[in-house]
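Report on the following structure.
Where a number appears in this text, it was derived from the coordinates with a stated rule and is not lab data. Predicted model only: the values in this text are computed from it and were never measured. Cβ atoms come from the backbone with ideal geometry, glycine included; neighbour counts cover every protein chain shown.
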Amino acid sequence: MGPRSVSGRRTVALLLESDGPGGAEQMLLNLASELRRRGHEVVPVGPAVGEGWLAARFVERGFRPETFRLSSPVDLRCVIDLVRVFRGRGVDVVHSHEFSMAVFGAVAARLTGRRHVITMHGGRYYGARRRRRAALGWAFRTSDAVVAVSSASRDDLAATLGVPPEDIHVVANGVPHGGSPVRGLRRSLALEKGDALILSVGNLYPVKGHDVLVGALARVARLRPDLAWVAAIAGRGAEEARLRTMAAGNGVAHRVHLLGFRDDIPALLTETDVFVLPSRSEGLPLALLEAMHAGVAVVATDVGGIGEVVSTEQEAILVPPDDEEALARALIRVLDDRRLRARLGSRALSRARLGYSVGSMTDRYEQLYGSHAMNVTVASP
């Protein structure tokens, strides 16, 4: 079955190699739901062997996911699987996310004559090897549009691959607005009346900087024992045991709770007083946007696209990465000043509504799905 499109409605395949809970995966869910609401047909495509979290979420929402098999860096079977899906489901536009699908999606889209859009979410793993850079450069050249989620990510892609920055579109992530409160959350975390809840969200990997956060929280406890607060970190990963040990060693284990994976972050944010993002590297984190949409005061490191979304002292307090002292000082400021928290949260909410909704994100992708090819120029890696 060949490509088809009726009155601007398209069948869009959304490709991603990973299928565990994470920012890129949640972005696909948001985009797919909004595209379907607008009348498009969406075909999620993910790994046949994986965690299955993302596919299960798509099924819960009424989508019919497809799969591919990928077992080696050069896997003809993966291309065959994708070609089968594109033809069998009448796909018009292939939208690939991250390195592996950017490359394999580009091959399959070219073989079947489909439009191909790539979104890179901010990781730099593709730049470590010449072969990866060459493969991604080829995918860029043969695709109809290449997208970065922030200007910082665009500039990094351009510098690494030798791509003119103007040939890479910037489409900021968007998230739904708000959530319903979690009943009993504050009680389950042993918060007393008047205690502030500090929330951090992110998988427990070193790049997310939660070790710096635990150290900063220990400083807050030592410097200002009068401040009443409890911190919660929502996420899963290999750093969990180390973070628990750090919290215990610093005497804050009773105040720092590791919640594990949570799929109700917007709901958690309705109970949150301060959102903290201590990352060492980011593209454009969805958790930050969710906190802004909830009107929560934000303390974050100034990395990746964060500084493009919030300005320090306006919508957030920004600090350098890997700086426990600066992070502790910022936390003390917002914990100690309710008016500051309210002002930061109010301005963050206004900013989020202005440009970081699912609707505005989908508007831009719809334009790229229907625009003319862009002819990317890539220098030799």
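The figures follow:
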{"read-out": "Positive-end residue of G20, L217, I265, charge dipole of the chain with Cβ unit charges", "value": "G20"}
{"read-out": "Nearest-ten-degree value, helix 210-223 long axis tilted from longest Cα axis of the chain", "value": "20 degrees"}
{"read-out": "Whether segment 185-355 is rounded, prolate or oblate, judged on the alpha carbon gyration tensor where a/c under 1.5 counts as rounded", "value": "rounded"}
{"read-out": "Rounded, prolate or oblate (a/c below 1.5 giving rounded, otherwise prolate when a/b exceeds b/c) for segment 160-231 by Cα gyration tensor", "value": "oblate"}
{"read-out": "Residue of P164, P65, P225 that the Gaussian network model of the chain assigns the largest fluctuation, springs spanning Cα pairs under 10 Å", "value": "P225"}
{"read-out": "The chain: most fluctuating residue of G194, G202, G260 per GNM, C-alpha cutoff 10 Å", "value": "G194"}
{"read-out": "C-alpha long axis of helix 98-112 to longest principal axis of the chain, angle in °", "value": "20 degrees"}
{"read-out": "Global geometry of segment 1-158, whether rounded, prolate or oblate, following the gyration tensor of its Cα atoms and the 1.5 cut on a/c", "value": "rounded"}
{"read-out": "Nearest-0.05 FRET efficiency for D363 and R87, computed from C-beta distance (R0 35 Å)", "value": "0.75"}
{"read-out": "Nearest 10 degrees, 0 to 90: helix 240-249 Cα axis against the chain principal axis", "value": "10 degrees"}
{"read-out": "Counted charge near P321, where neighbours are those whose Cβ lies closer than 11 Å (Asp, Glu -1; Lys, Arg +1)", "value": "-3"}
{"read-out": "Coordinate range along principal axes, alpha carbons of segment 24-90, Å, largest first", "value": "36, 27, 17"}
{"read-out": "222 nm mean residue ellipticity, helices alone, for the chain (DSSP H n ≥ 4; -39,500 (n - 2.57); rounded to 500)", "value": "-13000 deg cm²/dmol"}
{"read-out": "Near-label residues of segment 306-343 by backbone N, under 20 Å of a point 7 Å along Cα→Cβ of Y205", "value": "306-307, 321-323"}
{"read-out": "Top of N203, N250, N173 by mean-square fluctuation, Gaussian network on the chain, Cα under 10 Å", "value": "N250"}
